[in-house]
Amino acid sequence: MSDHGKSRKEIRDELKELQQEFLSSIIDIDDKKRIQLEQELMIAIQGVSLQNEENAKRAAELIIANLELKFLNEEKAKRAAELVIANIELVFQNNEKSKRAAELIIANKELVFQNSEKAKRAAELVIANIELVFQNEEKEKRASELIIANKELVFQNEEKSRIAAKLIDANKQLIFQNEEKEKRAAELILAKEKAEKSDLLKTAFLANMSHEIRTPMNGILGFAELLKETELTAEIQQEYLEVIKKSGGRMLNLINNIISISKIESGLMETDLQESNVNTQIDFIHAFFKPQIEKKGIQFLIKKTLYGEEALIKSDPEKIYGILTNLVNNAIKYSEVGVIEVGYNLKSTEDSVDLEFYVKDKGIGIPEERQIAIFERFIQADISDKMALEGAGLGLSISKAYVELLGGKIWVESEDGVGSTFYFTIPYQKAKAKKPTKTIFLADKTEKILKPKDYRLKLLIAEDDKISSMLITAMVKKYSTVIFQAKTGLEAVEICKNNPDIDLILMDIQMPELNGFEATRKIREFNKDVVIIAQTASVLTDDREKIIEDGCDDYISKPINKSELLSLIQKYFDTYHVA
């Protein structure tokens, strides 16, 4: 189709395409400029008359070309301005480069100087390092020396500490030794005072013993001399004999007390714990002392609080008898009226159960300041003229020792002129009940058994003391057909060998040539059946045990009591004895 045949619409579309191509060809333009150019182009195109369409198209193209030219000129002006600015910037940059080059030269000079300085400093540092190494080596040497010195100092301090500790220990020991010396000195002073007091007491005691021995001896010898008088009646003779017997008993009791004190002082006193009935012991004391107490017009009471198996205890009955005997004797001695009471009670505490015995009297009493002293060795309470009574002052000290051996304590409650109550305790150890062994002595046969004609014994009396031999012979003469006498152990052995039918040997333990122990052992080598009863003055438990171990059947203590001797004869030769 030709241009003349185109419609207006097509021409307008072509103008728009030219507008778009023009606008698309312009690249280096900002959005604001592009919008301005587009508006100017639209106004120019709209102003073109569409009557001559072809001319209009050409005009539009011309407008576009002018616009392009104008734009290009403007762009050239911009580029020229930019080039001027770029040249100005280039000149400025060249000037800056010159400055920078000058500065760089200066910097290089400074750098050279700094490098020179660094080299100097490096050299100085090397020298300083060398010096530092040397100083470090010196320091290490000094440190090593210091370590050695410190070790030596530590060692010296340890040695000083050891020496100080030893010195402290030595000082403590010295202080302790000084304290001990002071204690020993004080103890020595006390011991000296006690010894002096003891010497005085023992001197007084010996003087008292002299009096106590001479008094019964005076009775024995004096009344024995009086018995020689022929005009004495039988009644007076019996009276004199009773005095001699009592004096002898008093002397024997004194000797026994002296022996007991000796054993206590030497530590040889021992206990023999065995089963016993506490009620039997109280009954024995009551039966033994009742005649003597009632003879003075004093009532004698007893109190028992345990019965049956509860009354069976494990203790030393001989010690208990001894304590009660001493306490009752004192009560009798210092009482003239009133009541004497003996008894016991069971006392229980958190720690123990004890039997508390007591002996109570209405006698003269004991001053409070003397109630402790009466239990000391060799001392009696000083109660003025009322002390003008017999006694060596040993009974209470022996009782105190016995009580302490049994694990108890003893004390007194007393009022001067009113009376005294002595108390002592022992541990309550209940004994196991045993079936009693029945040993029956027929009561209706007793008189018949004790008749001399029922005993026709062959006896050997081994005794080196003539008076003792005479006494024993007199006691057993009625109960024997033949009595052999031996003064030594060897004689006793020979007589037994020559008379194998001997029934009984009364063997004294202390004999010349061969003692009683050795003689008994030799006799047992050839005669196992003969009854041997040892005579001994020893009261030591070990000796009594040795007597039985060496072959004796029994023993009897000197001085020999006739009743005890006859009881032993009855024990071994009683045909009415039932076991």
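Quick notes on this one:
- Residue under evaluation residue 289, criteria (1) out of contact with any helix residue (DSSP H, G or I) (no Cβ under 6 Å at 6 or more places or on another chain); (2) aromatic (Phe, Trp, Tyr); (3) buried (at least 19 other Cβ atoms within 10 Å of the Cβ), criterion not met: (1)
- Sole exception among (1) more than 15 Å from residue 464 (Cβ to Cβ); (2) surrounded by fewer than 19 Cβ atoms within 10 Å (Cβ to Cβ); (3) within 49 Å of the chain's Cα centre (by Cα) for residue 547, by number: (2)
- Qualifying residue in the range 261-273 (condition: in contact with a helix residue (DSSP H, G or I) (Cβ under 9 Å, 6 or more places away or on another chain), aliphatic (A, V, I, L, M), modelled with pLDDT of 75 or more and surrounded by 14 or more Cβ atoms within 10 Å (Cβ to Cβ)): no
- When residue 301 is tested against the conditions (1) in contact with a helix residue (DSSP H, G or I) (Cβ under 7 Å, 6 or more places away or on another chain); (2) outside any helix (DSSP H, G or I); (3) among the hydrophobic types (A, V, I, L, M, F, W, C), the lone failure is (1).
- Here residue 364 fulfils each of the conditions (1) under 21 Å from residue 402 (Cβ atoms); (2) hydrophobic (A, V, I, L, M, F, W, C); (3) not in a strand (DSSP E or B) apart from (1).
- Taking (1) under 23 Å from residue 426 (Cβ atoms); (2) in contact with a helix residue (DSSP H, G or I) (Cβ under 6 Å, 6 or more places away or on another chain) in turn, residue 240 satisfies each apart from (1).
- Contacts under 7 angstrom Cβ, first residue in the range 228-243 being surrounded by 10 or more Cβ atoms within 10 Å (Cβ to Cβ), partner modelled with pLDDT under 85 and in a helix (DSSP H, G or I), 6 or more apart: 240/223; 240/226; 243/219; 243/223
- Some residue of the range 56-79 being touching a Ser or Thr at 6+ places or on another chain (Cβ under 8 Å), part of a helix (DSSP H, G or I) and modelled with pLDDT under 70: yes
- Residues of the range 326-361 classified as assigned to a helix (DSSP H, G or I) and open to solvent by 40 Å² or more (accessible area, probe 1.4 Å), total: 2
- Of all the residues in the range 372-404, those that are in a helix (DSSP H, G or I) and either at pLDDT below 90 or surrounded by 16 or more Cβ atoms within 10 Å (Cβ to Cβ) (or both) number 16.
- Any hit, the range 318-325, residues being over 22 Å from residue 432 (Cα atoms) and touching a residue at least 60 places away in the same chain (Cβ under 8 Å): yes
- In the range 542-572, the residues that are of a type in the set (Asp, Glu), within 24 Å of residue 493 (Cβ to Cβ) and not in a loop (DSSP other than H, G, I, E, B): 543, 545, 549, 554
- Residue match in the range 343-361 (condition: modelled with pLDDT of 90 or more and more than 21 Å from residue 408 (Cα to Cα)): yes
The values are calculated or read from the model by the stated rules, or taken from the named source; none is laboratory data. Bear in mind the structure is a predicted one, so any value in this text is a computation, not a measurement. Positions of Cβ are generated from backbone atoms using ideal geometry, with glycine treated the same way; all protein chains shown enter the neighbour counts. Keep in mind that these areas ignore ligands, DNA and RNA; they rest on the heavy atoms of the full protein, side chains included. Shrake-Rupley method; radii C 1.70, N 1.55, O 1.52, S 1.80 Å.
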